Amino acid sequence: MTLYIIIALILVISSAIAEKYLLKKYSITRDKWIYKTVHPKQRWVEMTGALLAAILILVSIYTNINLLPAGLFMLVAVLGIRLWFEWTYDRESNKYVLTILRMGIFAGIFCAAYFTLFN
């Protein structure tokens, strides 16, 4: 458990440092608080994926079926869908670079959790 906490903290701290660097390098303007979608279909696709991930995680918590890794993988897939929409429809803003970073950090935390907590 402590190894997972150390790995997660290192990933979160390195993510914050890398995000500040990428914001300056690519002149990215950050959204205030709520993420604004770049295409009307994106909201529905992301909400469906997030709802499916939440259902998988809740089923994993309240039953003996271990669907937690599938639910966490689904959240990484939702970030991948967001990345595709940003890259396809709003490439000029370079916000997809931050999504790549967040997707990598979340996948790293997921892998760390899987290999330290679930094995």
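Some notes on this structure:
- From phi via Karplus (6.51, -1.76, 1.60), per-residue ³J(HN,Hα) for region 52-66 in Hz, x at Gly/Pro: 4, 5, 5, 5, 4, 5, 5, 4, 5, 6, 9, 10, 8, 7, 8
- Distance from region 15-45 to region 97-119 (C-alpha centre basis), Å: 19 Å
- Among Tyr96, Tyr35, Tyr26, the largest mean-square fluctuation in a Gaussian network model of the chain, built with springs joining Cα atoms closer than 10 Å, belongs to Tyr35.
- With the highest mean first, a sort of the peptides 44-53, 16-25 on other beta-carbon atoms found within 10 angstrom per residue produces 44-53, 16-25.
Taken together, the values in this text are just the output of simple stated rules run on the coordinates, not laboratory data. Worth saying up front: this structure is predicted, and the values here are computed from it rather than measured. Methodologically, a virtual Cβ is constructed for each residue, glycine included, from the backbone with ideal geometry; neighbour enumeration extends over all protein chains shown.
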